[in-house]
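The values are calculated or read from the model by the stated rules, or taken from the named source; none is laboratory data. Just so we're clear, the structure is a prediction, and the values are computed from it rather than from any experiment. No Cβ is skipped: glycine too gets one built from the backbone with ideal geometry, and neighbour counts run over all protein chains shown. Heavy atoms of the whole protein, side chains included, go into the accessibility calculation; ligands, DNA and RNA do not. Shrake-Rupley method; radii C 1.70, N 1.55, O 1.52, S 1.80 Å.
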Amino acid sequence: MLAAMPDSAPSPLSAGGTSSRDGGDACPGTLRLHRADDGALARVRIPGGVLSADRADALLAVAGRFGDGELHLTSRGNVQLRGLDAECGGGPAELLGAAGLLPSAAHERARNMVASPLAGLDGSPSVGGWLSELDSLVCGSAAAAALSGRFLFALDSGRGDVDALGADVTLIAEDGDCLVRVGAADEVFRLPSADGPRAALLAAELFLRAARDSGAWRVKDLPDDVRTALVRAVGATAGPVAHRPRPRTAKAPAPGPVTAPDSSTPATTTTTVTAISVGVPLGRLAPAQWRLLTETARRYGNELRLTPWRGIVIPGPFEPPGSSTRSGRSGQPGRAAEALDALAAAGLITGPDSPWTGVGACIGHPGCAKSLSDVRAEAGAAVGPVGRLPVYWSGCERRCGHPHGEWIDVVVTPEGHRISHVRGEHRDPRTVVRNDPAALASAVSGARA
């Protein structure tokens with residue numbers, strides 16, 4: 001059995017305190033806002049990206065009452081509210097708390113958890129039990145309140161999707177067991193599935209001890225010898241070790257119907273439409289789009305899953321067992337097709353042929369003072385044929401929200417737009433395009449192909 005550390009475990013940070021890094025952890029939340037050029041910004045943690053329709057309504061209400069009305073999806077499946085009045089005080093937090101979106105004020109920035117968005121929908125195991133238990137354990141640990149807003153848990157259904165995101169602690173479902181990974185280590189530790197959430201909390205608390213002297217925010221920030229000792233300490237409390245390198249490419253759910261084998265008939269080859277998946281251009285949702293997504297969720301499964309790729313999965317089921325993915329038994333358009341058609345008409349990505357597929361960007365100018373350009377407008381102007389690789393536009397060298405794995409990296413510099421092909425830690429030679437929109441669009445399209 002795994003034994004949790006005592007709540008009094010030392011850590012490099014205390015609630016509201018500082019660390020060895022100047023200025024402390026500046027990661028925004030709902031209680032501490034970030035001042036941006038377009039107003040204050042709140043980041044609402046949504047563990048696993050899982051939202052009920054009622055909680056989605058609450059987010060929209062806060063965005064409309066205190067902000068610019070839009071909702072912005074992040075690369076961790078969270079929601080950002082922008083354009084907030086700096087004098088809004090505790091109003092947003094009060095409404096979010098009433099909706100159950102702020103269960104612990106002390107832990108609101110520590111609840112960074114991504115989960116495989118198709119878990120339990122495409123034939124892979126569900127990780128919902130892990131998610132609810134880990135969230136409860138984190139909120140119940142006084143030590144865990146000291147985790148920075150950057151520290152990340154990942155719960156992978158065995159697909160390798162969120163395992164590839166480089167989380168600090170990852171749980172992976174395999175053959176009814178749980179594999180635990182710390183940071184990017186190639187070693188994983190096997191233990192019973194029921195022990196997974198407690199193992200993840202223990203690893204996070206051990207990290208806080210290990211980071212005491214360095215003030216590291218994340219496992220990757222630790223000195224090499226300290227990080228190695230941390231992995232060994234976690235392994236000493238877990239089960240057998242196995243060699244399993246972390247996947248290098250994180251693949252988003254394909255837009256469109258999500259299917260799984262029809263379990264109602266033994267040895268069947270038919271499938272059931274269990275969910276629909278949509279992409280959100282640049283991760284930005286207007287109020288009407290959010291309302292349509294929420295209404296769609298309420299009509300079918302009453303749940304939305306925000307993905308780390310700035311998309312949304314809506315579980316169903318949408319079609320009865322044995323039905324086609326595009327038509328019902330009567331030959332009329334099926335429920336999944338009808339829902340996807342409505343979402344496409346609202347401007348969302350519902351199929352792989354959308355030119356917006358794989359296109360992402362930071363907030364850019366004028367929302368961010370550090371950005372050298374309006375990269376969202378530039379990304380829209382450069383949208384062309386669907387590329388083999390995703391592309392991400394950044395207004396400065398910080399490259400906030402960039403993807404993981406392999407992608408085309410477009411960064412605005414004083415010299416022009418720098419275009420690179422990134423593959424993990426490797427970056428190909430760079431091309432710089434200066435003040436020529438047509439040449440920029442052509443260069444990006446060529447790089448993606």
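When ligands, DNA and RNA are left out and all protein chains stay put, how many square angstrom of accessible area per residue does the chain have with a 1.4 Å probe? Don't jump to the answer; show the numbers that get you there.
Working: 18840 Å² over 449 residues.
For the chain, the per-residue accessible area is 42 Å².
Using a cut-off of 11 Å between beta-carbons, work out the net charge of the residues near P317 (Lys and Arg +1, Asp and Glu -1, P317 not included). It would help to have the intermediate numbers written out before the result.
Details: positive: R335; negative: D262, E319.
Within the 11 Å Cβ shell, the charges total -1.
If I stretch the segment between R150 and T270 completely, what's the gain in nm (0.36 nm per residue apart, minus their alpha carbon distance), one decimal?
39.0 nm
Within segment 392-419, find all residues whose amide N lies under 16 Å from a label point positioned 7 Å from the Cα of D68 along Cα-to-beta-carbon.
Inside the label zone: 395.
Once the whole set of protein chains is in place, how much accessible area is left on H243, using a 1.4 Å probe, in Å² to the nearest 10?
About 140 Å², ignoring ligands and nucleic acids.
Quick one: grab the alpha carbon gyration tensor of the chain, order the square roots of its eigenvalues as a ≥ b ≥ c, and give me rounded if a/c is under 1.5, else prolate or oblate depending on whether a/b is larger than b/c.
Details: a/c = 1.35, a/b = 1.10, b/c = 1.22.
Note, shape of the chain comes out rounded.
Within 15 Å, Cβ to Cβ, of V231, how many net charges do the neighbouring residues add up to if Lys/Arg are +1 and Asp/Glu are -1? Before the final figure, lay out the partial values.
On the way: positive: R181, R190, R209, R218, K220, R227, R232, R244, R246; negative: D168, D186, E187, E205, D221, D224, D225.
Counting the neighbours of V231, the net charge comes to +2.
Run the simple label-point estimate for C400 and N302 please: 7 Å along Cα→C-beta, distance reported in nm.
Distance between label points: 3.6 nm.
Subtract the Cα-Cα distance of D353 and K220 from 0.36 nm times their separation in residues, and report this length gain in nm to one decimal. Each step should come with its number before you reach the end.
Values: separation 133, 0.36 × 133 = 47.88 nm, distance 3.68 nm.
Difference between extended and current length: 44.2 nm.
Among L304, A369, T350, whose Cα lies farthest out toward the positive end of the dipole of segment 280-425, if unit charges sit on the beta carbon of Lys, Arg (+1) and Asp, Glu (-1)?
Ranked along the dipole, the leading option is L304.
Pop the C-beta distance of E415 and D186 into the FRET formula with R0 = 45 Å and round what comes out to the nearest 0.05.
On the way: r = 38 Å, r/R0 = 0.85.
Calculated transfer efficiency: 0.75.
Once label points are set 7 Å from the Cα along Cα→Cβ at both R32 and A286, what is their separation, rounded to one decimal in nm?
3.6
Quickly estimate the mean residue ellipticity at 222 nm for the chain, helices only: each DSSP H run with n ≥ 4 gives -39500 (n - 2.57), and the total goes over all residues, rounded to 500.
Values: 9 runs with 106 residues, N = 449.
Theoretical 222 nm ellipticity from helices: -7500 deg cm²/dmol.
Quick one: ranking D161, D177, D353 by accessible area, 1.4 Å probe, largest first, what do you get? Before the final figure, lay out the partial values.
Working: D161 5, D177 50, D353 125 Å².
Descending order: D353, D177, D161.
Could you pull out every residue, at least 5 positions away or on a different chain, whose amide H is within less than 5 Å of the one on L152? Hs are placed 1.01 Å off N in the peptide plane, and Pro or chain starts have none.
D168, V169
Hey, any idea what the orientation-averaged projected area of the convex hull of segment 63-203's Cα atoms comes to, in nm²? Let's see the in-between values first.
Numbers: hull surface 36.8 nm².
The number I arrive at for segment 63-203 is 9.2 nm².
In nm, what is the difference between 0.36 nm times the number of residues separating A377 and R248 and their Cα-Cα distance?
Gain on stretching A377 to R248: 43.5 nm.
What is segment 358-449 by shape, rounded, prolate or oblate, if you read a ≥ b ≥ c off the alpha carbon gyration tensor as root eigenvalues and call it rounded for a/c under 1.5, prolate for a/b larger than b/c, and oblate otherwise? Walk me through the intermediate numbers first.
On the way: a/c = 1.39, a/b = 1.18, b/c = 1.18.
It comes out rounded by the Cα gyration axes.
Please report the carbon-and-sulfur percent of the accessible area for segment 53-198; probe 1.4 Å, protein heavy atoms only, DNA, RNA and ligands left out. Mind showing how you got there, number by number?
On the way: 2040 of 4510 Å².
Summing carbon and sulfur atoms, their accessible area is 45 percent of the total for segment 53-198.
Charges at C-beta only: +1 for Lys and Arg, -1 for Asp and Glu. How large is the resulting dipole of the chain about its Cα centre, in Debye rounded to 20? Spell out each step's value before the answer.
Details: 46 positive and 47 negative charges, 85 e Å.
Magnitude of the dipole: close to 400 debye.
Considering Cα pairs under 8 angstrom that are at least six residues apart, work out the relative contact order of the chain and quote it in whole percent.
Details: 1024 pairs, mean separation 62.2, N = 449.
Computed over the chain, the figure is 14 percent.
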